[in-house]
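Structure, as structure tokens:
The values are calculated or read from the model by the stated rules, or taken from the named source; none is laboratory data. The structure displayed is predicted, hence computed values, not measured ones. When we count neighbours, we look across all protein chains shown, and the Cβ atoms used for this are built from the backbone with ideal geometry, even at glycine. For the accessible areas, the whole protein counts, side chains as well, though only heavy atoms, and no ligand, DNA or RNA atoms are used. Shrake-Rupley method; radii C 1.70, N 1.55, O 1.52, S 1.80 Å.
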Amino acid sequence: MKQRPKILLVDDDVDLVTVMRGALESKAFEVIVAYNGLEGLEKAKKEKPDLVVLDILMPVADGFTFADQFRKDPSLAKVPVLALTSFSESLGQPFAFDVSEYISKPIKPRDLVAKVEEFLKKAGK
Amino acid sequence: MNSTSSEAGKTTDYSPEQRALVLRLRVYINLRWLAIPAIVIATLVASLIFHVGFPTLPVYIICAIIAGYNFWLFLLARGLEKQEPDSVVRKAEAYGYIQVVLDLVMLTAIIHFTGGVENPFLFLYIIHTNAAAIFLSKRRVYILTTFAMVMVTALVLMEYRGTIPHVNLEGFVPPDRYKDLGVVISALVALVTLAYATVYVATAIVGELRRRQREVVVLKDQLLEQRKVELEQISGEVVKLVEERRRFVRFLSVVAHDLQSPLVATQSLLSYIVDGYTGEITDGQKDLMQRGIRRIDGLLTLITDLLDIPRIEAGQLNREMREISLNDVVKQATDGLDNLARQKGLTLRVELPESSPSVYASNRRLQQVVTNLTSNAINYTREGTVLVRAADGDNEVRIEVIDSGIGVPPDDLPRLFDDFFRGSNVGAKGTGLGLSISKRIVEAHGGSIWAESPDAETGKGSKFTFTLPKNRALVAEK
């Protein structure tokens, strides 16, 4: 591994963040956390993460707003985004944005790590 | 708003009264075209067949004059069509007035040239005055009647006194009858009496008819206005209902999110421990925590199910409906269940039509139905096969889930799709809402769902079938 891959975690749920961060850091990923979409965008632009784990339903700026702005930045256009959806949220509505994969809540830490590794490998990191 | 719309209506629409007026004007013009040949024929018959001797040329000249002004009236009436209703009424009345005056003058002229008081057609005045009564105001009708009576009296008296020449109807009446004062006066009295009496009756009838016509128009306007107010009220209520429904669904989304978020977080925290990220734990601890995870799973499912019901009933599905491939839906739903079947040592077989029918449906919700039926089948079958079969029909598509499992007791069949119903032979597994939600989803798509047990083909287990209409209109109607 050339350098520790940088993962941006955008989620408003502190406990979920604890779990996801712990699981990812145990795999030697560098984890940056943002608690809403706006903060997520700022950090994404500054830190240039290799992958984003994004919660869809959040206060301030939700995942839709984040995703909409995120891809407009050319340096972030190709970054994989894993979207978290709780199973009652409407998957029927098409997300006007190319999310790499949907992961449905509840999140099993092992599954999340596996997905993250899979997409980082695909992206060649 | 009301006044502007009715004013706007006036420039394009005639009231029934106005239309009738213009129509009558045209009818009279047409009748006059018929009257001209009738006068000519009557003159020819009188002179050629009955050999009544009188100069016919003046009659023909008068006919030509009538034809002339009738053509003029015809042009005027045609011009009326393009004018504004208010001026149409005024003009139609004026033209009506003018034509009656002209007709009366022409009639008097003909009477003069065809024997004056001796001509039995003297009573034609009554037809004219009554015709006028049909579409002119009462006052004008009396003026015209009086005008006619004065004219005819003057004619007859002038002929009697010799002021103007008298044309004798040779061979029809004795030459001197017009000089018989008794004849003259009785004819005039009869004519005048009849004229006024019939005009009185005609105007009374016409007045009554007009009054009723106006009442009908007023009533119609009132009804229309009332209907409009009602419609506005109703559409206002519909808008309110739609808005309330939208707010309700939004509310449910928030409730779902807020209820599930802590559970999801708790579960993830437990999984975090179970997965060993916090260090080694004993098998006993692991087992207890997994039980906790399973209970939370059950609660999450229950919350989803409970919130699904009002969402489906609030018509949320309609917004999710698209043209989708039925085969894809079945494949996506059954793919996730392969593992479950294999774990139980069952075979999950999927039979799909070669070319996939397309249905107008919510992909996610249809998957939910197929998943529900198939996982039920897997759960309640100990050995054998679960078959999911999709078939294309003329008007509907049909999906069947057939298992070789424990089946449904006959007593349970009718209540199978009720809320919170759990089969008497399956224990307290699940929320008891799966099938009732499936039924709601299928019905929201305009389809139907039913169960048979045992399956008629295999003689065992059970068969769950649902159909969806292929006609998009039927789906949208629901």
Region A:7-50, subset in contact (Cβ under 8 Å) with a residue 60 or more places away in the chain and more than 13 Å from chain B (Cβ to nearest Cβ), residue surrounded by the most Cβ atoms within 10 Å (Cβ to Cβ): A:ILE7
Looking only at region A:52-65, and only at residues there that are out of contact with any Asp or Glu (no Cβ under 7 Å at 6 or more places or on another chain) and modelled with pLDDT under 80, the one that is nearest to the other protein chains (Cβ to nearest Cβ): A:ASP62
Residue match in region B:46-56 (condition: out of contact with any helix residue (DSSP H, G or I) (no Cβ under 8 Å at 6 or more places or on another chain), in contact (Cβ under 8 Å) with a residue 12 or more places away in the chain and in a helix (DSSP H, G or I)): yes
Leading residue by the ranking (least open to solvent (accessible area, probe 1.4 Å)) among those in region B:253-263 that are in contact (Cβ under 8 Å) with a residue 24 or more places away in the chain and out of contact with any Pro (no Cβ under 9 Å at 6 or more places or on another chain): B:ALA256
Some residue of region B:402-424 being in a strand (DSSP E or B) and either open to solvent by less than 30 Å² (accessible area, probe 1.4 Å) or without any contact (Cβ under 8 Å) to a residue 40 or more places away in the chain (or both): yes
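Mind checking which helices (runs of 4 or more DSSP H) fall wholly inside region B:282-338 and carry at least 1 residues that are under 27 Å from B:PHE421 (Cα atoms) and within 11 Å of chain A (Cβ to nearest Cβ)?
It comes to B:283-313, B:316-320.
Give region B:28-39 a look and list any residue that's touching a Cys at 6+ places or on another chain (Cβ under 7 Å) and open to solvent by 40 Å² or more (accessible area, probe 1.4 Å), or say none. Spell out the reasoning first.
Here is the first cut: in region B:28-39, the residues touching a Cys at 6+ places or on another chain (Cβ under 7 Å) are B:36, B:39.
Within region B:28-39, B:ILE39 is the sole residue that qualifies.
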Which listed residue, of B:THR266, B:THR278, is β-branched (Val, Ile, Thr), outside any helix (DSSP H, G or I), open to solvent by less than 100 Å² (accessible area, probe 1.4 Å) and over 30 Å from B:LEU366 (Cβ atoms): B:THR278
Filtered residues of region B:332-362 (kept if under 23 Å from B:ILE378 (Cβ atoms), surrounded by fewer than 20 Cβ atoms within 10 Å (Cβ to Cβ) and small (Gly, Ala, Ser)): B:GLY336, B:GLY345
Selected residue (only one of B:VAL167, B:VAL192, B:VAL216 is assigned to a loop (DSSP other than H, G, I, E, B) and in contact with a helix residue (DSSP H, G or I) (Cβ under 8 Å, 6 or more places away or on another chain)): B:VAL167
Residue satisfying all of: in region B:363-383; hydroxyl-bearing (Ser, Thr, Tyr) and modelled with pLDDT of 90 or more; surrounded by the most Cβ atoms within 10 Å (Cβ to Cβ) among these: B:THR374
Residues located in region B:449-465, provided they are open to solvent by 50 Å² or more (accessible area, probe 1.4 Å) and not in a loop (DSSP other than H, G, I, E, B): B:TRP450, B:GLU452
